[in-house]
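Worksheet: the structure to be examined is printed underneath.
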Amino acid sequence: MNTAQFISKETKRIVEKVSFTWQTPSNIALVKYWGKSNPQMPKNASISFTLNNCHTITTIDFVYKHNSAFNSESKTVDFDLFFEGEKKEEFKPKIAEFFKRIQEYCPYIFDYKMIINSENSFPHSSGIASSASGLSAIAMCLMSLEAELNPDLSVENSNKKASFLARLGSGSASRSVEGPLVVWGNHPEIEGSSDLFGVQFPYKVHAVFENYQDAILLVDKGEKQVSSTIGHNLMHEHPYAENRFKQANDNLGKISEILQNGDVKAFVNLVESEALTLHAMMLTSNPYFILMKPNTLEIINKIWEYRNENESNICFTLDAGANVHILYPKNEKEKVNQFIENKLSKYCQNNQYIFDSVGFGAKKM
Ligand code: DP6
């Protein structure tokens, strides 16, 4: 694997004080990443829709430190972290670990004091993972600084490296730089795909999948019952792991065809099967976990009823938690949104749900 390409070029340039703001999206996987090896290498390829409304906005103020030689020797990265205006010491260890993993590729982080200000568009502790959008936002800000230090860095290489860096923080974050569909993980049928970074789905997508809708039903807003670190680790000794990784790669080949030929029925079948398989992996690991709640099942049954009665193409997918993402084509938007408001919102915690749709990736503010 050629990771040397991501080591920033040495530069004598100094920027005394600069500030960048990026808005980066959350994403929802259609074929799931679950299982990894060091350093953040996926056991199978995955693909996700980039979201539009669920995002993080992060500003980093970089201030050059004239005494930074000391910092790079002692290997400390100097940063403050604010979330929604408040200093958050408890979020710092995860970001410090992220900086440690990327310091080889971005040695300039020792030269600056970084003040990181971050906010999410979705409610705090809504059960929507903020690591994908959060880490890709930091990666984009770092790449903006790198572009100042190395002005010949192309946008394409900058996005590729941002995804590479984000991946080292959180695997799914590698899929939160571009859009509308991103593949992460080396796959024989996806040209240019890599375990090191996400790439835009490289083939023409059928019109039915343009502007796809995603309604996120917040069933359980509590702390994640299983952190993704623990969850991924459970795949190491898992009796079904090897078959699962093979199935996911087979499914990626299939969904690539489906996205091109517009077979929505096949899409529905594959996406729901992926979601249930992800949960099946956790039901059958040791220790074992049930991550659905009673209302998750209520919603799934109502979706199936609605689909049969209305000849609809709605389907659901799940992350490693109880919330339900409902996916549907744009031409069903009005009817499905009403169905959600009238029939499904009562299964959500505090009646909370978010209407979102497919988006196009990171935006510089
Ligand atoms: C279930 O990306 O959160 O959402 O690499 O440990 O940070 P880490 O894991 P993370 O795992 C996401 C798993 C998933 C499926 C997916 O998004 O593909």
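What to note about this one:
- Residues of segment 272-294 classified as within 12 Å of the ligand (Cβ to nearest atom) and out of contact with any helix residue (DSSP H, G or I) (no Cβ under 8 Å at 6 or more places or on another chain), total: 3
- Answer from GLY192, GLY185 - the residue that is under 29 Å from PHE6 (Cα atoms) and within 13 Å of the ligand (Cβ to nearest atom): GLY185
- The single residue among GLY262, GLY198, GLY253 that is within 15 Å of the ligand (Cβ to nearest atom) and small (Gly, Ala, Ser) turns out to be GLY198.
- The criterion of at least 3 residues that are surrounded by 23 or more Cβ atoms within 10 Å (Cβ to Cβ) is met, among strands (runs of 3 or more DSSP E) falling completely within segment 178-242, by 181-184, 213-217.
- Unique residue being surrounded by fewer than 17 Cβ atoms within 10 Å (Cβ to Cβ) and of a type in the set (Gly, Ala, Ser) when the list is ALA137, ALA147, ALA162, ALA129: ALA147
- Qualifying helices (runs of 4 or more DSSP H) (wholly inside segment 57-172; at least 3 residues being within 26 Å of TRP184 (Cβ to Cβ) and either assigned by TED's automatic domain parsing to the domain that holds PRO25 or modelled with pLDDT under 95 (or both)): 92-102, 131-149, 155-169
- Among the residues making up segment 1-56, those that are over 25 Å from ILE115 (Cβ atoms), in contact with a strand residue (DSSP E or B) (Cβ under 6 Å, 6 or more places away or on another chain) and away from the ligand (no atom under 16 Å from the Cβ) are ASN52, ASN53.
- Within segment 1-47, the set of residues being surrounded by 12 or more Cβ atoms within 10 Å (Cβ to Cβ), under 26 Å from LYS363 (Cβ atoms) and more than 15 Å from the chain's Cα centre (by Cα) comprises GLN5, PHE6, SER8, VAL15, VAL18, SER19, PHE20, THR21, TRP22.
- Scope segment 304-318; condition out of contact with any strand residue (DSSP E or B) (no Cβ under 6 Å at 6 or more places or on another chain) and either more than 16 Å from the ligand (Cβ to nearest atom) or at pLDDT below 95 (or both); matching residues: TRP304, GLU305, TYR306, ARG307, ASN308, GLU309, ASN310, GLU311, SER312, ASN313
The values are calculated or read from the model by the stated rules, or taken from the named source; none is laboratory data. None of the values given here were measured: they were computed from a predicted structure. Cβ atoms come from the backbone with ideal geometry, glycine included; neighbour counts cover every protein chain shown.
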